[in-house]
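K.L.:
Please see the structure below; I have some questions.
The values are calculated or read from the model by the stated rules, or taken from the named source; none is laboratory data. Worth saying up front: this structure is predicted, and the values here are computed from it rather than measured. Cβ sites come from the backbone with ideal geometry, for glycine too, and all protein chains shown count toward neighbours.
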Amino acid sequence: MNKDVQKTLVLVTQFGISMIVPIVLCMFLGMFVADKLSAPIITVPFFILGALAGFRNVYILARSVYKDDKKKKEQDSDEEREQRP
């Protein structure tokens with residue numbers, strides 16, 4: 001398998017996990033609190049909190065990947081300039 005394809009698959013998987021885990025954890029926490037307080041509507045704010053945390057995680061991950069790619073391209077272009085006579 002091509003190295004770029006593997007890197008892309010890993011990145012997509014990491015995005016998915018970074019989005020799903022906070023949502024699921026906050027939903028379970030919301031259901032636990034709703035059960036203790038006998039107020040099922042309390043689950044909704046916990047879901048929203050989990051979704052916001054997931055979006056934040058994906059944003060931070062995407063920003064770091066973009067910085068890494070940009071830095072690598074700059075290094076490659078610098079190496080090409082050095083090799084030219």
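K.L.:
Name the residues in the range 30-46 that are assigned to a helix (DSSP H, G or I) and loosely packed, with under 15 Cβ neighbours inside 10 Å, would you?
P.N.:
Matches in the range 30-46: Phe32, Val33, Asp35, Lys36, Leu37, Pro40, Ile41, Val44, Pro45.
K.L.:
So which residues in the range 64-85 are at pLDDT 75 or above and acidic (Asp, Glu), if there are any at all?
P.N.:
Asp68, Asp69
K.L.:
Further, regarding this structure: Go through Leu49, Leu29, Leu61 for me and flag whichever is within 17 Å of Gln14 (Cα to Cα) and either modelled with pLDDT under 95 or in contact with a helix residue (DSSP H, G or I) (Cβ under 8 Å, 6 or more places away or on another chain) (or both).
P.N.:
Of the residues listed, the single one that is within 17 Å of Gln14 (Cα to Cα) and either modelled with pLDDT under 95 or in contact with a helix residue (DSSP H, G or I) (Cβ under 8 Å, 6 or more places away or on another chain) (or both) is Leu61.
K.L.:
Right, here's the next one. Is there any pair with a first residue in the range 3-32 that is farther than 18 Å from Val44 by Cβ and a second that is not aliphatic (A, V, I, L, M) whose Cβ atoms are under 6 Å apart and which are 6 or more apart or on different chains, and what are they?
P.N.:
Hits for this filter: Ser18/Asn57; Met19/Gly54.
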